[in-house]
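Chemist: Just dropping this structure here.
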Amino acid sequence: MEQRHLGRTGLRVSRIGLGTLTWGHTQESDAADLLKVFWEAGGSLVDTADVYGDGEAEYLLGRLIERLVPRHDLVIATKAGSVPDPDRRFDGSRGHLLSALDASLARLGTDYVDLWQVHAFDPCTPLDETLHALDIAVSSGRARYAGVSNFSGWQLAKAATWQLAAPGTRTRLASTQMEYSLLQRGVERELLPAAMDLGVGLLPSSPLGRGVLTGKYRHSTPADSRGASEHLAPFVAPYLDDAASRVVDALATAADGLAATPLHVALAWVRDRPGVTAPIVGARNAQQLTAALSVETLSLPDEICRALDDVSAPVHRYPDHDWSTL
């Protein structure tokens, strides 16, 4: 699998990442199959978080490291900052973040993570305090690189600029993780231009539109799908409207013309967007993951990209576009 630099850093990662969001509810044997398939395909970037399965995803990944895949072959990315508190969903305080990092390292069974990310912006904590935790993590060797997740455009720009203001003292942001797909292109308004300007690599989550872009929901809701799950159906529902149907229909047409699948076309589209380093793909089983990873050989023709861009184009008006053209 092709490797790419993460933002304006020396860290190289596979251009498809493996997500572990559901590993808290995954059998160890199934997780082992996923990790082995990913590694054997040349994948290196494995994304997790301290809240995935209440820590079980990290714990499971830690059990598989070395026993199944050498630690040095993986780029392990985890996150901290989400908390199970209905009154305060995010805690970006230095004390909480560093304690969470230590707990993550214990669950993962490693003395460092390759990429440590703030899970979300905390409006109750001064941003410089949150970022200081990243500096401490890197300077202490507990993290090799640092990034953020779910920051808006202005939040990312402020954080990345602050980190660049004192080179050698502060750790530059390597990455930002955000949802990005043909069904969710909101990052193109401000966040992606900011990331590209400041040298921050984008790691798209839900690159398959929460499963909708695979085409599985075109005619019905499969009984074993997220859309049929009482717990996950609300997660899928926003992408089952008429606008999404038009995108999925266009995707299916493009896939037929390329002798590919809608999954491959959707994943190749987001993988090769400007500013993107590596989409994070989740899979229920090794068969699904193998199908996704076979996208490596596919590059979309320009005319297909333009057609998909047109049918999925978000509405960008003032001030997102040059006001003089409106």
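The values are calculated or read from the model by the stated rules, or taken from the named source; none is laboratory data. Quick caveat: nothing in here was measured; it's all calculated off a predicted structure. With ideal geometry, Cβ positions are generated from the backbone for all residues, glycine too; neighbour counts draw on all protein chains shown. What goes into the accessible areas is simple: the full protein's heavy atoms, side chains included, and nothing from ligands, DNA or RNA. Shrake-Rupley method; radii C 1.70, N 1.55, O 1.52, S 1.80 Å.
Chemist: Criterion first (more than 28 Å from HIS264 (Cβ to Cβ), surrounded by fewer than 24 Cβ atoms within 10 Å (Cβ to Cβ) and at pLDDT 95 or above) does THR169 satisfy it? Full working, then the answer.
Modeler: Working: more than 28 Å from HIS264 (Cβ to Cβ): yes; surrounded by fewer than 24 Cβ atoms within 10 Å (Cβ to Cβ): yes; at pLDDT 95 or above: no.
No, not satisfied.
Chemist: Quick one: which helices (runs of 4 or more DSSP H) lie wholly within region 1-110 and hold at least 1 residues that are without any contact (Cβ under 8 Å) to a residue 12 or more places away in the chain and touching a helix residue (DSSP H, G or I) at 6+ places or on another chain (Cβ under 9 Å)?
Modeler: Numbers: elements: 28-40, 56-64, 94-108.
Output list reads 94-108.
Chemist: Something else about it: Only residues that are more than 19 Å from the chain's Cα centre (by Cα) and assigned to a loop (DSSP other than H, G, I, E, B): list them for region 123-152, please.
Modeler: PRO123, CYS124, THR125, PRO126, SER140, GLY141, ARG142
Chemist: While we're here: Pick out, from region 189-307, the helices (runs of 4 or more DSSP H) lying fully within it that include 1 or more residues that are open to solvent by 20 Å² or more (accessible area, probe 1.4 Å), in contact (Cβ under 8 Å) with a residue 60 or more places away in the chain and over 26 Å from TYR52 (Cα atoms). Show your work before the answer.
Modeler: Working: elements: 191-198, 233-236, 242-258, 262-271, 286-293.
Of the helices (runs of 4 or more DSSP H) lying wholly inside region 189-307, those with at least 1 residues that are open to solvent by 20 Å² or more (accessible area, probe 1.4 Å), in contact (Cβ under 8 Å) with a residue 60 or more places away in the chain and over 26 Å from TYR52 (Cα atoms) span 191-198, 242-258.
Chemist: While we're on this one: Within region 77-132, can you find the residues that are closer than 24 Å to GLY62 by Cβ, aliphatic (A, V, I, L, M) and out of contact with any strand residue (DSSP E or B) (no Cβ under 8 Å at 6 or more places or on another chain)?
Modeler: Across region 77-132, the qualifying residues are LEU98, ALA103, ALA106.
Chemist: Something else now. Can PHE151 be described as open to solvent by 30 Å² or more (accessible area, probe 1.4 Å), within 26 Å of GLY282 (Cβ to Cβ) and touching a strand residue (DSSP E or B) at 6+ places or on another chain (Cβ under 8 Å)? Please lay out each step first, then the result.
Modeler: Working: open to solvent by 30 Å² or more (accessible area, probe 1.4 Å): no; within 26 Å of GLY282 (Cβ to Cβ): yes; touching a strand residue (DSSP E or B) at 6+ places or on another chain (Cβ under 8 Å): yes.
Judged against the criteria, PHE151 is not a match.
Chemist: Which of the residues that make up region 5-48 are of a type in the set (Val, Ile, Thr), over 16 Å from ARG71 (Cβ atoms) and either in contact with an Asp or Glu (Cβ under 6 Å, 6 or more places away or on another chain) or open to solvent by 40 Å² or more (accessible area, probe 1.4 Å) (or both)?
Modeler: THR22
Chemist: Here's something else I'd like to know. Have a look at ASP128, ASP135, ASP102 and point out the one that is within 17 Å of LEU173 (Cβ to Cβ) and open to solvent by 60 Å² or more (accessible area, probe 1.4 Å).
Modeler: Numbers: ASP135 fails: open to solvent by 60 Å² or more (accessible area, probe 1.4 Å); ASP102 fails: within 17 Å of LEU173 (Cβ to Cβ).
It is ASP128.
Chemist: Could I ask something else about it? Is it fair to say TYR112 is hydroxyl-bearing (Ser, Thr, Tyr) and either under 27 Å from GLY186 (Cβ atoms) or touching a Phe, Trp or Tyr at 6+ places or on another chain (Cβ under 6 Å) (or both)? If you could, list the steps in order and put the result at the bottom.
Modeler: Values: hydroxyl-bearing (Ser, Thr, Tyr): yes; either under 27 Å from GLY186 (Cβ atoms) or touching a Phe, Trp or Tyr at 6+ places or on another chain (Cβ under 6 Å) (or both): no.
In short, no.
Chemist: Filter region 153-179 for residues that are assigned to a loop (DSSP other than H, G, I, E, B) and β-branched (Val, Ile, Thr); which is farthest from ALA120 (Cα to Cα)?
Modeler: So the first thing to find is which residues in region 153-179 are assigned to a loop (DSSP other than H, G, I, E, B), and the list is 165-166, 168-169, 171-172.
Pick out the ones that are also β-branched (Val, Ile, Thr) and you get 169, 171.
Working: THR169: 23, THR171: 18 Å.
Among those that are assigned to a loop (DSSP other than H, G, I, E, B) and β-branched (Val, Ile, Thr), it is THR169.
Chemist: If you don't mind, another one. Do the conditions hold for LEU61, that is, is it closer than 15 Å to VAL113 by Cα and in contact with a strand residue (DSSP E or B) (Cβ under 9 Å, 6 or more places away or on another chain)?
Modeler: Numbers: closer than 15 Å to VAL113 by Cα: yes; in contact with a strand residue (DSSP E or B) (Cβ under 9 Å, 6 or more places away or on another chain): yes.
So LEU61 fits the description; yes.
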